[in-house]
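A.B. asks: The following block contains the structure, expressed as structure tokens.
The values are calculated or read from the model by the stated rules, or taken from the named source; none is laboratory data. Here the structure is a predicted model, which means the values were calculated and not measured. Here the Cβ positions follow ideal geometry from the backbone for every residue, glycine too, while neighbour counts run over all protein chains shown. Side chains are part of the model used for accessible areas, which takes the heavy atoms of the whole protein and leaves out ligands, DNA and RNA. Shrake-Rupley method; radii C 1.70, N 1.55, O 1.52, S 1.80 Å.
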Amino acid sequence: MVVATPLEAAAGANADTTPMSTQAQAIALLDKLGTIQQSPHWPNVHPAAFMQNLRKDVEQPFSIYEGRSTNFCGYAALSFLPLHYDPLGFVGFMVKMYQEGKAVYGKAYFEPSKEVKRGAGRLVFKGELDIRPADQMWFMVLADHFKGYLNIFDPHYNPGDENRLWAAVNLAKFCRMIRTLFNYNVSAVGSDLFRPGVRDMYEYLSERLKTGHLALFVNNPGLYRKDHHKLKVGVPTHYIILLNVEEMGDRIACTYWDYGGRTMQLLSPDILKRIVFGIIHITRKSADAQ
Amino acid sequence: MRSRYYHIMAVCCAALLLGSCATRKIFSTNYYHQNEKVLTDIEHSYRAMYGKRPFSLEFTDKSFNNISLEIITDSVKLIYDFEVHEARLQDTMQKYRLPAEIHQLIEQMKSIRCIWINMLDYYTNNRRETLVFMSIRNVAIHLPFTPEKYYILTFYAQLQYYDSEGRLLAGRNLRRVRKINDEIFMRITDKVCYTISGRFR
């Protein structure tokens, strides 16, 4: 069975409108597809596990998980948008990619390398990602296609590269992926090395949240301490989706998505300012928007 | 004058060498056997408490007076920082129905310099299993400019399989070495493994 691509599905709609669909539409498509045949293009992705994974992505969009010790956090973070606002487009793309080994998503044409096709479904020791072959496929397809300057030294996939520079996502690449794939307006402050010049971080974030979605490019050890080294390299290494900020006494309660779930953490304004290197503001394009 | 300089240099090098040996002393399987009873108690009590309300616990300072408590509810993970004897800790425990035995766990962890305890999931033949992950901090003086190392222990509910070098394997029929947090683990007992890592979680 051949599934329409998001482009085909959106045919007739305004080309410069962010495609939107509902969870019910995506589930209806999965129900209609039922069981599918083993793909010759993805020998290590079992069709039943693939469909089960897609269903879980659609039914529990917060559950998408980048895996332990991988560099897939950027790809998992941007998945927040299609899984919440266009799951039909996501499912359509994934099924077409599985069946035909190539597909179009937004303005990007994907034809992954043989190494990626062999590698998907074989990632292990990553926690729940081990049993989510469709998510492995999705992350690896994105990492294989989109390249930034961090990927120059490791442009081709070899086993184990999911933990290395092959999968790394710099700030500009993250923004480019969202624009290309999902057709959102994306604006960002900050960089891969220097923090944004935002005086009142709480004020800035809460204002931006009122008008769109926010992804933050943060220094992960600042958020989750993993060692006690006194000399730390202050660079951003992790993407999160900020869901809410709230002042609680002298602290700021940040609710964000990462690692397959929502987290609420109390941070001092100083720490928040120190860990945020990039603030990505994402808004929908609509035909009637100015 | 010159020979005196060489003598001083030789003494300093010897002191550095001895110092580096001292910091590694804790990182041996002896640690497990010396503290086996407390470690086993912690593992069992943590598993029991986790079953009632999932959480993880971290000591955030070298003096073991401050903790970070991660409480996992159905919809969100909450991360709070406390001083060990702070009243706010008790209030939060009551609010989220955390068992009172956590106080005892905190004291036990402190007594063996365990700075992090968590439950991790791993998969064998597509089946989800869990392990208890504990990190021990070496509080002895260590050399400046050398990264701190942590002694990591993992406790399994099932018997594990190892190769001839004592490395943890992915399963009975899988000769592949299992990695946890990208680290190779070594056998202590059939259900307990260790590694030495630059990261405690």
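A.B. asks: With solvent modelled as a 1.4 Å probe, how much accessible area in total do chains B and A shield from it at their shared surface, in Å² to the nearest 100?
C.D. replies: Counting both chains, the buried surface is close to 2400 Å².
A.B. asks: Continuing with the same structure: Send over a whole-number figure in Å² for the accessible area per residue of the protein assembly as shown, probe 1.4 Å.
C.D. replies: Result: 48 Å² of accessible area for each residue.
A.B. asks: Over 22 Å between C-alpha atoms is what I'm after, so list which of A:56/A:107; A:56/A:114; A:210/A:285; A:210/A:273; A:56/B:77 land there.
C.D. replies: A:56/A:107; A:56/A:114
A.B. asks: Provide the packing ranking of B:175-185, A:191-201, i.e. peptides ordered by the mean count of other C-beta atoms within 10 Å per residue, highest first.
C.D. replies: So the order, starting with the most tightly packed, is B:175-185, A:191-201.
A.B. asks: Now for a separate question. Ranking request for peptides B:188-199, B:63-74: highest mean number of other beta-carbon atoms within 10 Å first, then the rest in descending order.
C.D. replies: Packing order, densest peptide first, comes out as B:188-199, B:63-74.
A.B. asks: For residue A:43, what charge total do you get from the other residues with a beta carbon under 13 Å from its beta carbon, if Lys and Arg give +1 and Asp and Glu give -1?
C.D. replies: Local net charge: +3.
A.B. asks: Inside 10 Å of the C-beta atoms of A:262-270, what's the mean count of C-beta atoms belonging to other chains?
C.D. replies: 4
A.B. asks: In addition: Around residue A:270, what is the net charge, scoring Lys/Arg as +1 and Asp/Glu as -1 over all other residues with Cβ under 11 Å from its Cβ?
C.D. replies: Neighbour charge sum, excluding residue A:270 itself: +2.
A.B. asks: Then there's this: Taking beta carbons within 10 Å but only from partner chains, what does the mean come to for residues B:99-112?
C.D. replies: 0
A.B. asks: Measure of size requested: the Rg and Dmax of the protein assembly as shown, with Cα atoms as the atom set and Å as the unit; please supply both.
C.D. replies: 24.6, 90
A.B. asks: Something else now. How large, in percent, is the carbon and sulfur part of the accessible surface of the stretch B:26-197 at a probe radius of 1.4 Å?
C.D. replies: After summing per-atom areas, the C and S share lands at 48 percent.
A.B. asks: In debye to the nearest 20, how big a dipole does the protein assembly as shown give about its Cα centre with +1 on each Lys and Arg Cβ and -1 on each Asp and Glu Cβ?
C.D. replies: In total the dipole reaches around 1260 debye.
A.B. asks: Would you list, by chain and number, the lysines whose Cα falls below 28 Å from the Cα of residue B:37, excluding same-chain residues fewer than 8 positions away?
C.D. replies: Result set, ordered by chain and number: A:226, B:25, B:52, B:62, B:110, B:149, B:179, B:191.
A.B. asks: OK, next. Over the stretch A:14-178, what is the relative contact order in percent, taking alpha-carbon pairs closer than 8 angstrom and at least six residues apart?
C.D. replies: Here the relative contact order equals 26 percent.
A.B. asks: Still on this structure, please answer the following. When only alpha-carbon atoms count, how far does the stretch B:95-201 stretch along each of its three principal axes, as whole angstroms with the largest first?
C.D. replies: Taking the Cα atoms of the stretch B:95-201, the three principal extents are 43, 41, 20 Å.
A.B. asks: Among A:90, A:50, A:153, whose mean-square fluctuation peaks in a Gaussian network model of chain A (Cα, cutoff 10 Å)?
C.D. replies: The residue with the greatest mean-square fluctuation here is A:153.
A.B. asks: With the full set of protein chains in place, find how many percent of the accessible area of the stretch A:121-225 is carbon and sulfur; take the probe as 1.4 Å.
C.D. replies: C and S atoms contribute 55 percent here.
A.B. asks: What 222 nm value per residue comes from the helices of the protein assembly as shown, counting each DSSP H run with n ≥ 4 as -39,500 (n - 2.57) and dividing by all residues, nearest 500 deg cm²/dmol?
C.D. replies: -10500 deg cm²/dmol
A.B. asks: I want the local charge near residue A:180. Using Cβ-Cβ distances under 12 Å, sum +1 for each Lys or Arg and -1 for each Asp or Glu among the other residues.
C.D. replies: Value of the local net charge: +4.
A.B. asks: Which value, in nm² and rounded to one decimal, describes the direction-averaged projected area of the C-alpha convex hull of the stretch A:14-178?
C.D. replies: Answer in nm², one decimal: 8.9.
A.B. asks: With a cap of 16 neighbouring Cβ atoms within 10 Å, and only residues DSSP puts in a loop, list the chymotrypsin sites (Phe, Trp or Tyr not before Pro) found in the stretch B:76-133.
C.D. replies: Listed in order of number, the matching sites are B:96.
A.B. asks: Quick one: putting +1 on the C-beta of Lys and Arg, -1 on the C-beta of Asp and Glu, what dipole do you get for chain A around its Cα centre, in Debye to the nearest 20?
C.D. replies: The dipole magnitude comes to about 480 debye.
A.B. asks: What's the average, rounded to a whole number, of partner chain beta-carbon atoms within 10 Å of each residue's beta-carbon in A:124-135?
C.D. replies: Taking the mean over all residues of the peptide, I get 4.
A.B. asks: Run through all the Cα pairs of the stretch A:184-289 and give the fraction in each 10 Å bin from 0, expressed as whole percent.
C.D. replies: 14, 48, 30, 7, 1, 0
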